[in-house]
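Below is one structure, written out as structure tokens; comments come after it.
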């Protein structure tokens with residue numbers, strides 16, 4: 001069984017690049033400096049030394065995904081909280097969502113601190129962490145907008161797709177910037193968004209989802225639309241910040257515009273084709289099964305983002321070709337060619353792309369573990385090293 005996951009995606013050149021990789025990150029948002037990091041530094045002292053950093057990362061991600069899967073079961077087509085609904089999402093779910101988000105964010109913030117605390121730090125853990133983070137853009141976005149349902153007090157599924165893309169742009173811009181400068185400036189929006197999600201979920205639990213169903217003064221737009229604009233504003237500010245950091249960098253790793261812009265081609269292709277499919281779908285598949293559509297697109301994004309992260313960590317050239325993206329584009333072509341089978345094409349391609357992405361992730365982590373002679377989900381190798389020394 002393990003032979004299935006022994007495929008070597010990383011080249012010899014990339015592995016050598018990982019050997020010389022040094023973590024270089026700046027997280028200077030006031031919320032991180034004065035709230036998050038002091039709390040995490042205090043909390044991690046109580047972690048047993050046997051707790052594996054990558055397991056902490058995985059559990060945190062699993063909690064976020066659990067909230068998404070649970071909400072998918074309760075409200076698959078994102079409609080239970082629509083105006084006039086007789087059977088809305090149970091209030092208890094929003095308490096669960098708040099807990100999952102807070103614990104997921106906390107574990108995501110303490111995994112690196114635990115790795116440095118026990119001497120297990122390295123590029124494998126960082127890739128594991130950020131790779132899973134790239135997949136979390138879907139639950140973070142879709143779950144919060146489920147509060148609004150559909151219809152009069154919500155936004156359209158196509159607009160929600162654009163909101164998801166704006167979230168993914170924030171994530172991509174951070175790593176694209178590091179690809180060019182070698183320094184990761186964490187977006188101020190990330191910490192703020194996590195605490196914001198927890199507050200909104202708790203507020204929904206205590207006062208109910210109908211509190212969010214209102215029109216802004218003038219009666220032209222609803223609150224959900226304003227909420228949407230907030231996402232776009234964060235996206236725009238992140239892009240401006242990344243562009244500024246690149247422009248003032250003392251030294252760029254890629255000196256030509258085409259080389260620096262190279263990582264953007266796959267994501268631009270993904271975003272453009274997704275919007276096109278959602279807008280012109282012959283069977284209106286985005287409205288029929290939005291959750292599957294978002295998850296499929298988000299999984300392709302995660303695969304593209306992981307390859308960018310590998311490129312910037314290994315100091316190699318970003319890949320333009322992506323197999324998962326190719327399958328996605330092919331599925332879109334099939335959907336327009338055979339409109340009667342569009343929904344089946346979407347669902348089958350989602351399964352296939354998810355399997356491709358999981359295979360890629362597991363194989364890459366295993367390959368790095370073999371290269372560095374470590375274990376991904378155990379720290380027993382640290383004791384063996386100490387015994388040898």
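Below is a table of values for the structure above.
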| quantity | calculated |
| --- | --- |
| Subset of region 240-274 [closer than 27 Å to residue 295 by Cβ and at pLDDT below 90] | 242 |
| Residue in region 61-73 that is assigned to a helix (DSSP H, G or I), free of Cβ contacts under 8 Å to residues at least 24 places away in the same chain, surrounded by fewer than 18 Cβ atoms within 10 Å (Cβ to Cβ) and more than 20 Å from the chain's Cα centre (by Cα) present | yes |
| Of all residues making up region 42-54, the number that are within 14 Å of residue 118 (Cα to Cα), in contact (Cβ under 8 Å) with a residue 60 or more places away in the chain and either part of a helix (DSSP H, G or I) or in contact with a strand residue (DSSP E or B) (Cβ under 7 Å, 6 or more places away or on another chain) (or both) | 3 |
| Check on residue 148, part of a loop (DSSP other than H, G, I, E, B), buried (at least 23 other Cβ atoms within 10 Å of the Cβ) and either more than 16 Å from the chain's Cα centre (by Cα) or without any contact (Cβ under 8 Å) to a residue 24 or more places away in the chain (or both) | yes |
| Residue list for region 168-195, filter: more than 16 Å from residue 131 (Cβ to Cβ), in a helix (DSSP H, G or I) and in contact with a strand residue (DSSP E or B) (Cβ under 8 Å, 6 or more places away or on another chain) | 177 |
| One residue from 232, 179 being more than 30 Å from residue 285 (Cβ to Cβ), touching a residue at least 24 places away in the same chain (Cβ under 8 Å) and within 23 Å of the chain's Cα centre (by Cα) | 179 |
| Near pairs, Cβ below 9 angstrom, 6+ apart or cross-chain, from region 363-382 (at positive phi) to any residue that is assigned to a helix (DSSP H, G or I) | 373/381; 373/385 |
| Region 219-228, residues that are loosely packed, with under 12 Cβ neighbours inside 10 Å and at pLDDT 85 or above | 220, 226 |
| Any hit, region 210-218, residues being under 21 Å from residue 187 (Cα atoms) and surrounded by 12 or more Cβ atoms within 10 Å (Cβ to Cβ) | no |
| Search result, residues across region 77-99 that are part of a helix (DSSP H, G or I) and surrounded by 19 or more Cβ atoms within 10 Å (Cβ to Cβ) | 93, 94, 97, 98 |
| Complete set of residues in region 77-101 that are out of contact with any helix residue (DSSP H, G or I) (no Cβ under 7 Å at 6 or more places or on another chain) and under 22 Å from residue 190 (Cβ atoms) | 99 |
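Conditions tested, residue by residue: (1) over 21 Å from residue 167 (Cα atoms); (2) modelled with pLDDT of 95 or more; (3) in contact with a helix residue (DSSP H, G or I) (Cβ under 6 Å, 6 or more places away or on another chain).
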position	(1), (2), (3)
280	yes, yes, no
287	no, yes, yes
290	no, yes, yes
308	no, yes, yes
324	no, yes, yes
351	yes, yes, no
354	no, yes, yes
373	yes, no, no
383	yes, no, no
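The values are calculated or read from the model by the stated rules, or taken from the named source; none is laboratory data. Predicted, not measured: the structure shown is a model, and the values here were computed from it. Heads up, the Cβs are rebuilt from the backbone with ideal geometry, glycines too, and the neighbour counts pull from every protein chain shown.
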